[in-house]
Each structure stands twice: as structure tokens, then as C-alpha cells.
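Engineer: After the C-alpha cells below, expect a handful of questions from me.
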Amino acid sequence: DEPTANLDPVSSDLIEDLIMRINKKFGTTIIMSTHDMIQGQRLADRIGVIMSGKLVQAGNAAEIFYQPKGRDIARFVGIDAIIGGVVMENTGGHAVIRVGDSCFEALTNIPKGARAALYIRPEEVTLTPADSSQTKSSMRNRLFGRIKKIVPYGPFVRVSVDCGFMLTALITRRSCTELGFSVGTDVVAGVKATAIHVLPEEGQDQR
């Protein structure tokens, strides 16, 4: 039950290493509870998400963190950007989804005309200055926006960008400094079509 709770980083690493060595040496199944998302990804072969006393999703780390089954789970595993839109086109699973005045390309089987929710992890969002030659990219989804907030996050910073809706990017502190980002900086946010997790918008009748 949270074996590294209240431990310093060095001690936590030692405990995690011990857990992994026991698992590898003896083939022992270990069930561990944690609120540390990074630790869960680092140690677990399978993860179960428990909310309000119920198991709401189980799977490997990629499934839990990149393919959450709903809004509450997505928030729990660190997805800030959950954006509602309408599927304008869908050709063989390659969809164009309108969000306000912008359009995203993403992969989904949700049909044309249906409402959808786009889930975008912060580490999947790239940022470049709006006036930079680096804004030229093969990335399908490129959106102009303005930085509204920069929050330190260990060796990284979480950058909130207003693109007509809010996107959050997770970038290194060094990148933030070298690119000259500050609140009010105009940027281009990029997201690959394959990096967007799409679900029917919650509350929509899917019959």
C-alpha cells in the first residue's frame, strides 16, 4: 500500500528497485497501490484505476494513460485538454473534427455528424514561436494561440495555450527559456493526428 509514500526520491528509487528485483527473481505477482502516475507507468505490467471504490478501467500503461475510457479517468491520469467537437468528415477512420473555428484531423470510427471528445496529453503537444520559421511542419494539426500560463513541473513546465480552447503542453524548462516563452507569447501548437484519443462525447446517445 503506497510503499514509497513520504519517502525522499533516493529512498523511493531504492524501494522501487527492490520491488522490481523481487518480481524478476521470484516471478511473484505484486499488487501495489499508488497515487504516483509516473511510478505506476514505471513499475506496472497492468494498471487498474479505482474511483469511488469501483474499478473503472484496467489495462497496460499505454491503454490507461493514452486511451482512457472517459473524462474522469482522463483527468485522473493527467489529460488536461478534453475538447468537444463535431465530426465533419470521416473517410476510412480518418476524421476531420471541427472545434469552434478550428479543425482537427484524428483517427476514429465515430461517424460524420456525431459529436466527439478529443483527449490530448500535454507531452503530445509541441510549441514553436508564431514568428519562427520552425512553424513549417508536416504535422497535421497546427493551431495558433497565445500562452496564458506557465507552471513549473519538476524539470519541465506546463504551458497553457489559448487557441480558442485551452491546450496544455509539457516541455522542458530549457526549451521554454531558449524559445523565449512567457505569458502573452504567440505560439503555434502542433499535435499529430495519431496522438489524439477520440471518444463519443459523454452524454450523447450512441444508439
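The values are calculated or read from the model by the stated rules, or taken from the named source; none is laboratory data. Computed from a predicted structure; not experimentally measured. Note that each Cβ is placed from the backbone with ideal geometry, even for glycine, and that neighbours are counted across all protein chains shown.
Engineer: What's the total number of residues in segment 1-38 that are out of contact with any helix residue (DSSP H, G or I) (no Cβ under 7 Å at 6 or more places or on another chain) and within 21 Å of residue 72 (Cα to Cα)?
Structural biologist: Looking only at that region, the number is 5.
Engineer: Evaluate segment 166-177: report whether one residue or more is touching a residue at least 60 places away in the same chain (Cβ under 8 Å), among the hydrophobic types (A, V, I, L, M, F, W, C) and surrounded by 17 or more Cβ atoms within 10 Å (Cβ to Cβ). Give the steps one after another, and end with the answer.
Structural biologist: From segment 166-177, those touching a residue at least 60 places away in the same chain (Cβ under 8 Å) are 166-168; that's our starting set.
Now drop any that are not among the hydrophobic types (A, V, I, L, M, F, W, C), which leaves 166-167.
With surrounded by 17 or more Cβ atoms within 10 Å (Cβ to Cβ) added as a condition, the list becomes 167.
Within segment 166-177, one or more residues are touching a residue at least 60 places away in the same chain (Cβ under 8 Å), among the hydrophobic types (A, V, I, L, M, F, W, C) and surrounded by 17 or more Cβ atoms within 10 Å (Cβ to Cβ).
Engineer: Taking segment 43-62 as the region of interest, how many residues are surrounded by 10 or more Cβ atoms within 10 Å (Cβ to Cβ) and either at pLDDT below 90 or assigned to a loop (DSSP other than H, G, I, E, B) (or both)?
Structural biologist: Within segment 43-62, residues that are surrounded by 10 or more Cβ atoms within 10 Å (Cβ to Cβ) and either at pLDDT below 90 or assigned to a loop (DSSP other than H, G, I, E, B) (or both) number 3.
Engineer: Would you say residue 159 is of a type in the set (Val, Ile, Thr), in contact with a Gly (Cβ under 7 Å, 6 or more places away or on another chain), crowded, with 17+ Cβ neighbours inside 10 Å and not assigned by TED's automatic domain parsing to the domain that holds residue 54? Show your work before the answer.
Structural biologist: Numbers: of a type in the set (Val, Ile, Thr): yes; in contact with a Gly (Cβ under 7 Å, 6 or more places away or on another chain): no; crowded, with 17+ Cβ neighbours inside 10 Å: yes; not assigned by TED's automatic domain parsing to the domain that holds residue 54: yes.
Here the answer is no, as residue 159 does not meet what is asked.
Engineer: Tell me which residues, restricted to segment 105-137, are surrounded by 17 or more Cβ atoms within 10 Å (Cβ to Cβ) and within 16 Å of the chain's Cα centre (by Cα).
Structural biologist: Of everything in segment 105-137, those that are surrounded by 17 or more Cβ atoms within 10 Å (Cβ to Cβ) and within 16 Å of the chain's Cα centre (by Cα) turn out to be 106, 117, 118, 119, 120, 121, 122, 124, 125, 126, 127.
Engineer: When the residues of segment 90-125 are filtered to those that are free of Cβ contacts under 8 Å to residues at least 12 places away in the same chain and assigned to a strand (DSSP E or B), which remaining residue is farthest from residue 145 (Cα to Cα)? Full working, then the answer.
Structural biologist: From segment 90-125, those free of Cβ contacts under 8 Å to residues at least 12 places away in the same chain are 91-92, 96; that's our starting set.
Retained after the next criterion (residues that are assigned to a strand (DSSP E or B)): 91, 96.
On the way: 91: 28, 96: 20 Å.
So the residue we want is 91.
Engineer: Given the conditions (1) surrounded by fewer than 15 Cβ atoms within 10 Å (Cβ to Cβ); (2) part of a helix (DSSP H, G or I); (3) in contact (Cβ under 8 Å) with a residue 12 or more places away in the chain, and given that residue 24 satisfies all but one, which numbered condition is not satisfied?
Structural biologist: Evaluating residue 24 over (1) surrounded by fewer than 15 Cβ atoms within 10 Å (Cβ to Cβ); (2) part of a helix (DSSP H, G or I); (3) in contact (Cβ under 8 Å) with a residue 12 or more places away in the chain leaves (3) as the failure.
Engineer: To continue, here is another question. Quick one: would you say residue 82 is modelled with pLDDT of 95 or more and part of a loop (DSSP other than H, G, I, E, B)? First the steps, then the outcome.
Structural biologist: Values: modelled with pLDDT of 95 or more: yes; part of a loop (DSSP other than H, G, I, E, B): no.
Answer is no for this residue.
Engineer: Taking segment 166-207, which residues are part of a loop (DSSP other than H, G, I, E, B), within 30 Å of residue 111 (Cα to Cα) and in contact with a Ser or Thr (Cβ under 8 Å, 6 or more places away or on another chain)? Don't jump to the end; show me each part of the working.
Structural biologist: Keep residues of segment 166-207 that are part of a loop (DSSP other than H, G, I, E, B), which gives 179-185, 192, 196, 201-207.
From what is left, the residues that are within 30 Å of residue 111 (Cα to Cα) are 192, 196, 201-207.
Scanning segment 166-207 gives no hits.
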